[in-house]
Amino acid sequence: MPTPSGVVYADHVAQWNVLCTSDHFLRDDPIVFPGAPGASHQHTFYGNRSTNAATTLASLSASSPSSCGRGMGTSDLSAYWVPSLMKKNSDGTTTWVQSDQTDVVYYRRAGGGRGPGVLPFPKGLRMIAGNAKATSDQSISIVQWDCTGGQELPHMYQCPSDPSREIHASLVFPSCWDGVHLDSADHKSHMAYAAADGTCPSDHPVSLPQVTFELEYSGIHGGPDYFLASGGIYSMHGDFFADWDNQVQNALVAACLNKARECGDMNRDGTTLFRPDYDPEPITIDMTKYPTTSPWDGRNLQEPTPTASSTTMTMAGMGH
């Protein structure tokens, strides 16, 4: 099993992020309903512009650039999606909200700068966070809603009348991997959440970057007319299908996560990754100093074997 190297332990934030705009809306879910267009509820897709029911790692890699900005469109071809935000109209119909929406995707070292070292995502890893069937509050450690700050609740709520207070959701993914399976029949069993100090359980020993979606809904203040396409105000969940450029991800994991550095608002210009001078801790990373291969290359990473029973369980348990 590969192990992280050059890990620095410090009382410091260890993270980077990418800023991805919403790109398209489909009733597809290539993780839960692969090859079945229209089988899911409506989703809003960020990042890779090609994501649909037929998506594979090969199709993601063939579609460039993504909707992720700051020069990262050719570096991060991953797919990110969540249930669409819906609105009840005065005539009794419902429509999905298509105002400007962004997903600031954070990649963090679980446990912060004192947590264990991290390895890059293998290409093609898929995972889900949250429960699409939830009809009551989920754990606030996984799902959080607020109004551009203010009170954090595990469900959507109406923001104050102040026009600057817009609804915002955070969704935290597990970061501990079993080191073998790129997916599992329920799309969750191959992953586990870390302890507060970042420690992974023994059956999921590999610490990967901890992904968090920060979802911003421009101009939307919530209220009784708004709900998620998966149903109600409690069912926030999300999907992640990893496809990073190896050299870029290797550089960010090594220089930001394992060195315990704040790499928010990271940009790319050619072979240089940088955090602008106006940020409190400007950083410049020379990508050419990092390998172009993945530590997972050549390893027998496994895909789940679809079965009728697992498909039924997924449909019933995940509600996608």
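The values are calculated or read from the model by the stated rules, or taken from the named source; none is laboratory data. Owing to the predicted nature of the structure, the values given are computational and were not obtained by experimental measurement. So basically every Cβ, Gly included, is an ideal-geometry build from the backbone, and we count neighbours across all protein chains shown. Side chains are part of the model used for accessible areas, which takes the heavy atoms of the whole protein and leaves out ligands, DNA and RNA. Shrake-Rupley method; radii C 1.70, N 1.55, O 1.52, S 1.80 Å.
Here r is the Cβ-Cβ distance between SER64 and THR94 and R0 is 51 Å; the resulting FRET efficiency, rounded to 0.05, is 0.90. Near TYR9, no amide H atom lies under 5 Å from its own; only residues 5 or more places off or on other chains count, and H is placed 1.01 Å from N.
Taken over the alpha carbons of the range 166-307 as equal point scatterers, the Debye sum produces base-10 log I(q)/I(0) values at 0.10, 0.21 Å⁻¹ of -0.49, -1.33. Taking a ≥ b ≥ c as the square roots of the Cα gyration tensor eigenvalues, the range 65-197 comes out prolate, since a/c reaches at least 1.5 and a/b is larger than b/c. Separation of the alpha carbons by more than 30 angstrom is noted, of LYS123/LYS289; LYS88/LYS123; LYS188/LYS289, for LYS88/LYS123; LYS188/LYS289.
Residue separation of ARG299 and ARG27 scaled by 0.36 nm, minus their Cα-Cα distance, works out to 94.5 nm of gained length. The portion of the accessible surface of the chain made up by carbon and sulfur, rounded to a whole percent, is 52 (1.4 Å probe; DNA, RNA and ligands excluded).
Loop-located chymotrypsin sites (Phe, Trp or Tyr not before Pro) in the range 74-168 (DSSP state not H, G, I, E or B) with no more than 11 neighbouring Cβ atoms inside 10 Å do not occur.
Per residue, the accessible area of the chain comes to 41 Å² when a 1.4 Å probe rolls over the protein heavy atoms.
Once the Cα atoms are used to define both axes, helix 308-318 deviates from the longest principal axis of the chain by about 70 degrees. As a ratio to 2.2 N^0.38 Å, the alpha-carbon radius of gyration for the chain is 0.96. Taking the Cα of VAL8, stepping 7 Å toward and past its beta carbon, and measuring to each backbone N in the range 91-128: which are under 19 Å? Within reach of a label on VAL8, which here means backbone N under 19 Å from a point 7 Å along Cα→Cβ, the range 91-128 contributes 107-120.
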